[in-house]
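We did not get these values from a lab; they are worked out from the coordinates using the rules stated. Just so it is clear, the model here is predicted, and its values are computed rather than measured. Methodologically, a virtual Cβ is constructed for each residue, glycine included, from the backbone with ideal geometry; neighbour enumeration extends over all protein chains shown.
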């Protein structure tokens, strides 16, 4: 006799889980990936969620690759932070 059937995960859920696992195990921070063109700005939310799910001994700003002052900009004014990231990407020479 078979046990109760487990609900199937949607493709979206499976992709999200895979993305979160990749963020948690990455040796590069969100900022590094962003400056290299490997992450878009919106992925900061995924990185923050991955940090909240646990597994990192770093403080959140460190996990993101940000200094405390940079993270403060993000918290206070996300549009200002986006402009700051665009500036960093355009002047980083990466």
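Counting 0.36 nm for each residue step from residue 67 to residue 10 and taking away their Cα separation leaves a gain of 16.8 nm. Comparing 31, 58, 11 in a Gaussian network model of the chain, where Cα atoms under 10 Å apart are tied by springs, the biggest mean-square fluctuation is seen for 11. Relative protection proxy for 83-90, 40-47, from highest mean packing down: 40-47, 83-90 (other beta-carbon atoms within 10 angstrom). In the chain, helical runs assigned H by DSSP with n ≥ 4 each contribute -39500 (n - 2.57); averaged across all residues and rounded to the nearest 500, the mean residue ellipticity at 222 nm is -18500 deg cm²/dmol. Explain nothing, just the number: relative contact order of the chain, from Cα pairs under 8 Å at least 6 residues apart, as a whole percent. 27 percent. Volume per residue for the chain equals 129 cubic angstrom (convex hull of Cα atoms).
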